[in-house]
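Chemist: One structure follows; several queries about it will come next.
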Amino acid sequence: MKRILIFGASEFQIPLIESAKQRGYITCVLDINSQAPGACKADEFYVCSVKDYDKALKIAEKFRPDGITAGMIDMAVLPVARICEKLELPGLDVETAIKATDKYEMIRAFSSKNVPCPEFKLLNKSDDVETLEIPWLPFIVKPIDMQGSRGINLVKSNEQKSSLISDSISASDNGKVILEEYMVGPEVSVEMVVINYQPTVLQITDKITSGAPHFVELGHIQPSVLPNETKEQIIKVAEQAVCSIGIKNSIVHAEIIITDAGPKMVELGARMGGDAIHQQLIKLSTGIDLPEFAIDLAMGLPLKVPVPTIKKYSMIRFIPLCAGTIDDIIVNKSISEISGLQAYKLFCKIGDVNEERNDNSGRFGYVLSQADSYKDVVKICNETLDKISIIMK
């Protein structure tokens, strides 16, 4: 029986684990959190950080997988590539994995191939921030090795420069951050599969974010409602970005901002998109099962471009976390009567004490909907959110 090792057992990794089990594979999953939601879904589970290459390699050598996948976990992409290379398994080559995870190496690759992207500068924790001259204000500062909006800050003035750069550096494992020209405009993500270096766009996702200063993601809608001409420009930039990184076979999640000068790359991931974008939204809006494609990819099976079987709108909205203690949670019973509601999930319980968070981990839960129109899919999510009350002390 074939065996697959999956990095990460978070809520949105569960469809990947379940897909592998449905295919008859023995599953081994690792996550730093012993209580991760997907831990109980696996045949074997190990407590291990997805970034801990040495420990993960020992687990892989013991489990003897036929394939390994990072799923949607960006920080697992490089360790997975290194282990696959060591064990001679299918996967990204290490050089490509570095370009797809190190935000500085990534934007250097974009720039070297003339892919539209912001101006940028690398900064180390040993650099003198006080005397640092930045040619553009405002600018974004972010760690080169984090994901999920962690450590991102918008610097609007020289007075903010030192404290906000220091804040971003403290969020980085390696003490390096990248400063980028601040881009203004709608943000989208582009969901792709790459087979033999040829990218195919499956969907463009409109993003809802908190905006400045941390740009926390609040929701996603598929397909994008931007004009067709703009979407064509977005696709062109996304495909150029994939080629600049040198990706041969992978799922890709690319993030783009549509500026006054046209679409420009923010970054991309050579993995499934998080926040249910690839695990659930794609399936609801197109009928394509990307977790299944990810399994085939990891196992080195022949790949075919997925073909859409339905055409719907899908949306996920997150319930932002509030600091404090949860006093009560009330869910109106009529929530089950909402037509088009696909799922809702709460990650919290009465008595939980929460600190303020400024990244994508700060959520009480989510609601997921599907409909024939953009207007209806938004209405369903809003109606569902109105029926959920989380009362804080």
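The values are calculated or read from the model by the stated rules, or taken from the named source; none is laboratory data. In this text the structure is predicted, and so the values were computed from the model without any measurement. When we count neighbours, we look across all protein chains shown, and the Cβ atoms used for this are built from the backbone with ideal geometry, even at glycine.
Chemist: Please note which helices (runs of 4 or more DSSP H) are completely contained in segment 227-318 and include at least 1 residues that are touching a Gly at 6+ places or on another chain (Cβ under 7 Å).
Modeler: 228-245, 290-299
Chemist: To continue, here is another question. Applying the selection to segment 18-67, what residues are of a type in the set (A, V, I, L, M) and closer than 28 Å to Asp173 by Cα?
Modeler: Once the filter is applied, which keeps residues that are of a type in the set (A, V, I, L, M) and closer than 28 Å to Asp173 by Cα, segment 18-67 yields Val29, Leu30, Ile32, Ala36, Ala39, Val47, Val50, Ala56, Leu57, Ile59, Ala60.
Chemist: Checking the conditions here, which among Ala294, Ala254 is farther than 20 Å from Thr209 by Cα, modelled with pLDDT of 95 or more and either within 22 Å of the chain's Cα centre (by Cα) or assigned by TED's automatic domain parsing to the domain that holds Val190 (or both)?
Modeler: Ala294
Chemist: Sticking with this one: Give the residue that is surrounded by the most Cβ atoms within 10 Å (Cβ to Cβ), with candidates limited to residues of segment 192-209 that are polar (S, T, N, Q) and out of contact with any Ser or Thr (no Cβ under 7 Å at 6 or more places or on another chain).
Modeler: Looking at residues that are polar (S, T, N, Q) and out of contact with any Ser or Thr (no Cβ under 7 Å at 6 or more places or on another chain), I get Thr209.
Chemist: I would also like to ask the following. Determine whether Ser166 is more than 23 Å from Lys312 (Cα to Cα) and among the hydroxyl-bearing types (Ser, Thr, Tyr). Please lay out each step first, then the result.
Modeler: Numbers: more than 23 Å from Lys312 (Cα to Cα): yes; among the hydroxyl-bearing types (Ser, Thr, Tyr): yes.
It is true that Ser166 is more than 23 Å from Lys312 (Cα to Cα) and among the hydroxyl-bearing types (Ser, Thr, Tyr).
Chemist: Surrounded by fewer than 18 Cβ atoms within 10 Å (Cβ to Cβ) and either on the phi < 0 side of the Ramachandran plot or assigned by TED's automatic domain parsing to the domain that holds Ile277 (or both): is that true of Ser189 in this structure?
Modeler: The answer is no for Ser189.
Chemist: A follow-up question, please. Among the residues of segment 346-373, count how many are surrounded by 14 or more Cβ atoms within 10 Å (Cβ to Cβ) and in a strand (DSSP E or B).
Modeler: Number satisfying all stated conditions: 11.
Chemist: Sticking with this structure for a sec: For Ser224, only one of the following conditions fails: (1) within 25 Å of Pro15 (Cβ to Cβ); (2) part of a helix (DSSP H, G or I); (3) without any contact (Cβ under 8 Å) to a residue 40 or more places away in the chain. What is its number?
Modeler: Just one mismatch for Ser224, condition (2).
Residue-wise test of (1) surrounded by 24 or more Cβ atoms within 10 Å (Cβ to Cβ); (2) closer than 30 Å to Asp93 by Cβ; (3) among the small types (Gly, Ala, Ser); (4) over 19 Å from the mean Cα position of the chain (by Cα).
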{"residue": "Gly211", "(1), (2), (3), (4)": "no, no, yes, no"}
{"residue": "His214", "(1), (2), (3), (4)": "no, no, no, no"}
{"residue": "Ile235", "(1), (2), (3), (4)": "no, yes, no, no"}
{"residue": "Met265", "(1), (2), (3), (4)": "yes, yes, no, no"}
{"residue": "Arg271", "(1), (2), (3), (4)": "yes, yes, no, no"}
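Chemist: Answer with yes or no whether Ile17 is touching a helix residue (DSSP H, G or I) at 6+ places or on another chain (Cβ under 7 Å), in a helix (DSSP H, G or I) and either modelled with pLDDT under 95 or among the β-branched types (Val, Ile, Thr) (or both).
Modeler: Yes.
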